[in-house]
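Undergrad: Take this structure first; my questions come after.
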Amino acid sequence: MSAFAVKADKFVLPGCLKGPGYLTVADGVFGTYAEEAPEGVEVVDLSGKWVAPGFVDTHIHGFFNHATTDCDPEGINISSRELARRGTTSWLPTTFTESVESIGRACRAIAEADESRGDDFVGAHIQGVYLEGPFFTSKHVGAQNPAYLIDPSYEAFSEWQRLSGGRIKKSALAPEHDGSIEYISALAAEGVVTCIGHSDATYAESLAAVNAGASCFVHTYNGMRGLHHREPGIVGCAMTTPETFAEVIADGHHVMPAAVNALVRAKGWDHVVLITDCLGCGGMPEGEYMSGGLPVVMRDGACYLANGSSLAGSIATLDSVVKNVFDWGIVTAEQAIRMATEVPARSAHIDDVCGAIAPGRTADFVALDSDLTLSATYMAGKLVE
């Protein structure tokens, strides 16, 4: 159908929550919202549902047994198809700490995946690339490979950006490294977001990075100097810089509900970014896998380094973490949805292409039950089977 109207109880629109009503979709793009049914078009009846923008995952390494580290364009597209089935309609494929050359190959593979898609492709849009590393500290390396840690290098970034076809939107670092301020400033001048994480930086070092242009914190609480009353550290900086954004993995394994609540209360829900940090083994059965060149074990709803020293990353999907923060009573249903749509889009400077239901935008949206269980995903107005 080239034109239709979606009928639903509630619509999460840019300015407010509306409904019941109707949202028109024509030729794969959003039209306008109205309280009365438009004449002359078929109605898709989603009564009892919430209609919201498709979820936007700005920190995710892969899905369904494919990861960016595989440097396989078709694998990345398989991840995209499977993510769409779970409500994620836009993502930033995220690299790991590897050699400069390997990161470059991953950037090129992501670009090739994006460039290979035809008009009939149904899968989450690649809205850019996120470089998680290699500019981290060994003390908080987590599941990153310590063999490839280096100081920030704008020269390396420029080559990765060239290989990605200009797609890099975010780059993470530990601000205590030599050259961090210069790196942050250079990327800020190009509109690329710099994120603070996998770091033992002090509050003062973190604040200096923010003042130089860093605007996001990598999976807050995990892989960073924590909050102490005499040294607030990175967590303290995340909580007290109101214009920055703080990622959080609300899977119930990486961060406990009370800590998520503390972060939301400190920053406000509109600056807390729900992410998955999902590994390539997400969506697969429990067992042993490789992630970022390191052996990992998936069990009991989480993924661990094989040696048991650390959580390796999550296997969550965004629809599940949205439901978690609502079920935990931390935010309202509307706020939970916005924390996985418009907030991540703003944090990564991609809010001009995703994260909102707005006239003229590609009609990527989800239908949710009243308890925020995912019911359906639509890409360009077509139901994802």
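Undergrad: Scanning for something among the β-branched types (Val, Ile, Thr), crowded, with 18+ Cβ neighbours inside 10 Å and assigned by TED's automatic domain parsing to the domain that holds residue 298, does the stretch 145-163 turn up at least one residue?
TA: no
Undergrad: Next question. How many of the residues in the stretch 111-167 are within 21 Å of residue 209 (Cα to Cα) and assigned to a loop (DSSP other than H, G, I, E, B)?
TA: 8
Undergrad: Kindly provide the set of residues from the stretch 30-63 that are assigned to a loop (DSSP other than H, G, I, E, B) and crowded, with 17+ Cβ neighbours inside 10 Å, ordered by number.
TA: Once the filter is applied, which keeps residues that are assigned to a loop (DSSP other than H, G, I, E, B) and crowded, with 17+ Cβ neighbours inside 10 Å, the stretch 30-63 yields 41, 54, 61, 63.
Undergrad: If I filter the stretch 52-82 down to residues being under 15 Å from the mean Cα position of the chain (by Cα) and β-branched (Val, Ile, Thr), which single residue comes out as nearest to residue 115 (Cα to Cα)?
TA: Looking at the filtered set, the residue picked out is 68.
Undergrad: Restrict the check to the stretch 121-133 and report whether at least one residue is under 25 Å from residue 349 (Cα atoms) and surrounded by fewer than 18 Cβ atoms within 10 Å (Cβ to Cβ).
TA: yes
Undergrad: Would a scan of the stretch 250-269 turn up a residue that is buried (at least 21 other Cβ atoms within 10 Å of the Cβ), free of Cβ contacts under 8 Å to residues at least 60 places away in the same chain and touching a Lys or Arg at 6+ places or on another chain (Cβ under 6 Å)?
TA: no
Undergrad: Is one or more of the residues making up the stretch 301-313 in the same structural domain as residue 65 (by TED's automatic domain parsing), within 14 Å of the chain's Cα centre (by Cα) and surrounded by 20 or more Cβ atoms within 10 Å (Cβ to Cβ)?
TA: yes
Undergrad: I've got another one for you. Across the stretch 331-360, which residue is surrounded by the fewest Cβ atoms within 10 Å (Cβ to Cβ) among those that are of a type in the set (D, E, K, R) and within 12 Å of residue 54 (Cα to Cα)?
TA: The residue in question is 342.
Undergrad: Criterion first (more than 18 Å from residue 315 (Cβ to Cβ) and either assigned by TED's automatic domain parsing to the domain that holds residue 247 or surrounded by fewer than 22 Cβ atoms within 10 Å (Cβ to Cβ) (or both)) does residue 103 satisfy it?
TA: So residue 103 fits the description; yes.
Undergrad: When only residues in the stretch 317-330 that are of a type in the set (A, V, I, L, M, F, W, C) and touching a strand residue (DSSP E or B) at 6+ places or on another chain (Cβ under 6 Å) count, which is surrounded by the most Cβ atoms within 10 Å (Cβ to Cβ)?
TA: 318
Undergrad: Could you please let me know if residue 367 is under 14 Å from residue 11 (Cα atoms) and either outside the structural domain of residue 250 (by TED's automatic domain parsing) or in contact with a strand residue (DSSP E or B) (Cβ under 7 Å, 6 or more places away or on another chain) (or both)?
TA: yes
The values are calculated or read from the model by the stated rules, or taken from the named source; none is laboratory data. Just so you know, these numbers come straight off a predicted model, no measurement behind them. Neighbour counts run over all protein chains shown; Cβ positions are idealised from the backbone, glycine included.
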